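Note sheet for the following structure.
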């Protein structure tokens, strides 16, 4: 989809859901880090935490920018990970919401 396919009201709804999902992803990440850091007891566990953080950083940085070409995929991934809900998408074109819901199943 392109920017032309997104009326301003839908863009605002999608941006809010997108930012909400990103904020929740960071909150979840912090919780996981806190849990994992409590069980650090060896160099191997420290290296494992480092690898986890590197992977998460790469994924988060890849999702932080709102992009019309990928927004449906991003929202679907956020829905799949329970970072946003269908109610966060209220006001979007029903076809877009259907696509997001369908993609979130895979």
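What follows draws every value from the coordinates through simple rules; no lab data is involved. None of the values given here were measured: they were computed from a predicted structure. When we count neighbours, we look across all protein chains shown, and the Cβ atoms used for this are built from the backbone with ideal geometry, even at glycine.
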Report summary line: Helix 8-38: inclination vs the chain longest Cα principal axis, degrees, rounded to 10, gives 10
Requested in this report: Just order 66-78, 45-57 by mean Cβ neighbour count inside 10 Å, highest at the front, would you?
Outcome: 66-78, 45-57
Requested in this report: Compare 16, 80, 95 in a GNM of the chain, Cα atoms joined below 10 Å, and give the one with the largest fluctuation.
Outcome: 95
Report summary line: So for the chain, using the alpha carbon gyration tensor with a ≥ b ≥ c as root eigenvalues (a/c under 1.5 gives rounded; past that, a/b versus b/c decides prolate or oblate), I'd call it prolate
Report task. Starting from the Cα of residue 55, step 7 Å along the direction of its Cβ; do the same at residue 4; then give the gap between the two resulting points in nm. Result -> 4.1
Query - Estimated 222 nm signal from helices in the chain, with DSSP H stretches of n ≥ 4 weighted -39500 (n - 2.57), rounded to 500 - result: -23000 deg cm²/dmol
**Report entry** Under 15 Å from the residue 23 label point (7 Å along Cα→beta-carbon), backbone N, the stretch 60-90
**Finding:** 83-85, 88-89
